[in-house]
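As structure tokens, the structure follows; a few thoughts come after it.
The values are calculated or read from the model by the stated rules, or taken from the named source; none is laboratory data. None of these values were measured; they are calculated from a predicted model. Here the Cβ positions follow ideal geometry from the backbone for every residue, glycine too, while neighbour counts run over all protein chains shown. We work out accessible area using only protein heavy atoms, side chains counted, and drop any ligands, DNA or RNA first. Shrake-Rupley method; radii C 1.70, N 1.55, O 1.52, S 1.80 Å.
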Amino acid sequence: MNADASQIIARDAATPNEAAEVAGFAPVDLYQRREKIFTRQIEGRFQRLRLYSGWPLLLGYFLVPWLEWGDRQAVLFDLPARQFHVLFVTFWPQDFVLLGALLIIAAFALFTVTSVVGRIWCGYTCPQTVWTAIYMWIEQVAEGPRHARVRLDRAPWGWEKIRKRGLKHGMWLGWAFFTGFTFVGYFTPIRELVTSLVTFEVGTWSAFWIAFFTAATYFNAGWLREQVCIYMCPYARFQSAMFDKDTLIVSYDTARGEPRGRGQSRDGLGDCIDCMLCVQVCPTGIDIRDGLQYQCIGCAHCIDACADIMTKVGKPTGLIRYTTEHELEGGRSQLLRGRVVGYGIALLVMCGVFVNVLLNRDLVGIDVLRERGELYRVEAATVRNDYALKLINKAQSATRLAIDVQASVPVEVIGATDIEIEGGEVLNVPISLVLPRDALTVPSVDVRFRICDVAGHCNEEISRFLGPVR
Ligand code: SF4
Ligand code: SF4
């Protein structure tokens, strides 16, 4: 078709899609409508595994903020005090590079695990998966099994539907509140948070964040569900870069299953009886028989469902199974390969460096600030400079700090040089240095402030002594 003809057709068409169709192009809808997914509950080996792996994590999440360490919460990210307490370690702002390193190590650990066992994180331990599974279970309790939920969804609104939906959303909101409240309990002492909640004296920010995380949990696990994995999670998108032909994937054995078909007579048919159970249990609503898809989170629901069916029809299980592309092609999988060894070595090196830095980090800290009022004070035959020392004891126990001042000129120290400091305490200590005017031959002299605790941990900072030169 020449350009003029298509322009005439496009001008006479009622809609752009109609114009495209007339011109011989298929219209493309850029918005993919969401299909409602009603998952069927399934039992099996991998669902039990999920139970055993999910519950400890879930219990850990809800219980950890209640643990005590000495006289404080064992895990507390105290933002106002800028201290992150994790059991016996307290991270200070100066240590945030360590927290950054910890996140990088966690990411590398995830890369290593993914390159070997695929999306095991997504399928078994990701909070989105675990919370969605809980929300689906609640849905089943409130609205019944899959067929009842489909029927309820199609039914017109009436008392029964309102009651069941109300119960479901009430339970979802309750669990979301419990989740949001616990999350805030990692940042605000959780016992104080409970007291402030029951006495209606909770702070504005705490109330805001509890409401925010309640809403986030409710919408993510209740409404968005697989949409988070498919459209929002960046990890889902880039993890395929860690996959190779030896990575564990959930796969349908096409050679054994096809041609699929229903009916008693299996002549010429493969083992797949086309019961669709593997699709009905899939939380992302895909058909694994279409091949490996990025929407597959590796949860193994379909493996358990198909294993159940195969057992019932007297066939060996494993039509859908954890396998690798190499195995599907008839080869043998290799566990130790370049990529895995590379990730493993990088991970070991990073862990070693991290532990070394953590064990040898400064346990005492010092910041030296010159008093802002005046640069120096001339008093008869002397020059005086005032400083404010910020002393930090990063250790958990009290100690004494000895302050030592060194300079190339004979300065006299005025102020306390032996300081008692509690564990995890920050002290502001004023100190002054005095020098005979005649001793100052240059307008600025470096001064080294050094502190040491009784265990020999030291730290120092260099400041300046200023004065007039005759
Ligand atoms: S569950 Fe198994 S038998 Fe049923 S459709 Fe899926 S692959 Fe085929
Ligand atoms: S295809 Fe199977 S493993 Fe993948 S998400 Fe669906 S049920 Fe889970």
Applying the selection to the range 153-169, what residues are part of a helix (DSSP H, G or I) and either in contact (Cβ under 8 Å) with a residue 40 or more places away in the chain or open to solvent by less than 40 Å² (accessible area, probe 1.4 Å) (or both)? ASP153, LYS161, ARG165, LYS168, HIS169
In the set LEU347, LEU336, which member is more than 19 Å from CYS122 (Cβ to Cβ) and either of a type in the set (Val, Ile, Thr) or at pLDDT 90 or above (or both)? LEU347
So which residues in the range 268-282 are assigned to a loop (DSSP other than H, G, I, E, B), open to solvent by less than 30 Å² (accessible area, probe 1.4 Å) and within 16 Å of ligand 2 (Cβ to nearest atom), if there are any at all? CYS272, VAL281, CYS282
Out of VAL434, VAL405, sole residue that is part of a strand (DSSP E or B), surrounded by 15 or more Cβ atoms within 10 Å (Cβ to Cβ) and touching a Lys or Arg at 6+ places or on another chain (Cβ under 6 Å): VAL434
Just wondering, is there one or more residues in the range 241-248 that are touching a strand residue (DSSP E or B) at 6+ places or on another chain (Cβ under 7 Å) and surrounded by 15 or more Cβ atoms within 10 Å (Cβ to Cβ)? yes
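One line per residue, one yes/no per condition, for (1) away from ligand 2 (no atom under 16 Å from the Cβ); (2) part of a helix (DSSP H, G or I); (3) more than 24 Å from LEU98 (Cα to Cα):
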{"site": "ALA305", "(1), (2), (3)": "no, yes, yes"}
{"site": "MET310", "(1), (2), (3)": "no, yes, yes"}
{"site": "THR317", "(1), (2), (3)": "no, no, yes"}
{"site": "TYR322", "(1), (2), (3)": "no, no, yes"}
{"site": "GLY330", "(1), (2), (3)": "yes, no, yes"}
{"site": "ILE366", "(1), (2), (3)": "yes, no, no"}
{"site": "ILE392", "(1), (2), (3)": "yes, no, no"}
{"site": "SER397", "(1), (2), (3)": "yes, no, no"}
Hey, ALA416 in a loop (DSSP other than H, G, I, E, B) and within 18 Å of SER463 (Cβ to Cβ) or not: yes
Pick out the one residue from ALA241, ALA255 that is outside any loop (DSSP other than H, G, I, E, B) and within 16 Å of ligand 1 (Cβ to nearest atom). ALA255
Within the range 297-317, identify whether any single residue is modelled with pLDDT under 90 and either of a type outside the set (S, T, N, Q) or more than 10 Å from ligand 1 (Cβ to nearest atom) (or both), and answer yes or no. no
